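These notes are about the structure you will find just below.
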Amino acid sequence: MQISWFSFSKVLFSLFILVMFIMDLEAQTLTFEEQDEGWLLLDDGKPRYFYQAATKSLDGKYPRANYIHPLYDTDGEVVTEDFPADHPHHRGIFWTWHQLWVRDQRAADPWVCENIIWEVKRVKTSIHPNGAANLEAKVLWKGTGPIKKNIVEETLIISYQRISSSAYKLVFDITLKPLVREVRLGGSEDPKGYGGFSPRIKLAENVGFYDENGAVVPQDLAVQAGPWINVTREKAEDPGVVIMGEPDRLPSYQGWILRSENSMQNMAFPGREAMLLSNKSPYLRFKNQLLVHQGLGNQEIVNQYRIFKNQP
């Protein structure tokens with residue numbers, strides 16, 4: 001059997017790409033730097049994200065912890081916002097809801113950081129040979145208002161991995177275990193119903209939103225789109241942040257709450273009707289992934305989504 005020069009050259013090129021990828025991983029140095037308020041991840045000395053573990057506030061208002069800010073792109077630019085003037089309760093990459101109920105009593109409004117604090121009890125960091133960096137945390141949601149108890153225990157796993165010199169991915173794996181009976185979570189009590197995984201990203205003046213099929217136009221209410229949205233400077237091929245999720249696995253998924261200015265982006269669930277958290281395993285678990293990039297093609301994003309969906 002004869003092998004054409006074209007086929008042989010394709011094999012050589014594939015081997016070259018594989019060798020270069022392996023060399024890049026071997027040269028890569030990932031480190032976590034523990035600081036007074038949290039942990040900073042560095043990739044070859046360049047910052048990628050900071051996990052805010054200590055409680056932070058704005059002159060005593062909107063106390064919050066357990067979120068990501070700053071998030072940096074591969075050029076070292078900060079791409080998230082914290083305490084923005086229009087919505088000072090927004091914070092970087094966060095995940096929360098307006099409604100937190102215990103039985104028939106409203107315990108807190110975690111979205112606006114009211115009657116609740118997040119106590120990060122334990123953080124474990126690890127670097128893996130495949131070029132991944134993991135941060136694992138146990139977090140208590142503690143009521144400080146009408147119900148002064150530990151209400152929810154959160155298990156958080158954040159996994160970082162470089163895609164290329166101009167892109168990386170960040171996976172958030174979150175599990176919520178109720179610590180008292182009849183805990184319910186709900187989104188905003190209006191037709192928008194927002195709540196859940198919520199990146200507050202710096203937006204360009206002509207920001208673009210794209211899913212696999214093309215441009216997506218933000219609306220006041222939830223928009224039905226694909227399982228990922230690429231938020232770019234303007235055009236589909238521009239630098240930006242891709243937000244990914246698993247809508248088929250979310251209870252009472254509402255769709256995308258998208259905003260072109262002065263707000264967060266949100267994969268909304270469970271909407272305005274609060275849902276009961278299971279007090280037995282399996283507990284509520286949801287996963288999201290961010291791709292922070294200097295320009296990714298549609299097929300590259302599709303491929304990364306397939307990898308994300310196939311992770312256990």
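Laboratory data are not the source of any read-out in this text; all were calculated from the coordinates shown. None of these values were measured; they are calculated from a predicted model. In this analysis, Cβ positions are derived from the backbone assuming ideal geometry, glycine residues included, and neighbour counts consider all displayed protein chains.
Remarks
- The chain: Cα Rg divided by the 2.2 N^0.38 Å rule of thumb: 1.04
- Local electrostatic count, residue 150, Cβ distance below 12 Å [Lys/Arg +1, Asp/Glu -1]: +3
- Between the stretch 214-259 and the stretch 79-150, the Cα center-to-center distance that results, in Å: 22
- Charge tally for residue 298 (other residues, Cβ to Cβ under 11 Å; Lys, Arg +1; Asp, Glu -1): -4.
- Of the chymotrypsin sites (Phe, Trp or Tyr not before Pro) found in the stretch 132-190, no site is in coil according to DSSP while having at most 10 other Cβ atoms within 10 Å of its Cβ.
- Between 0 and 90 degrees, the angle of helix 5-27 with respect to the longest Cα principal axis of the chain falls at about 50 degrees.
- Using alpha-carbon coordinates, inclination of helix 298-310 to the longest axis of the chain, degrees: 60
- Legend: distances between Cα atoms for 124/149; 124/235; 148/280; 46/202; 46/124; 169/235; pairs beyond 29 Å are 124/235.
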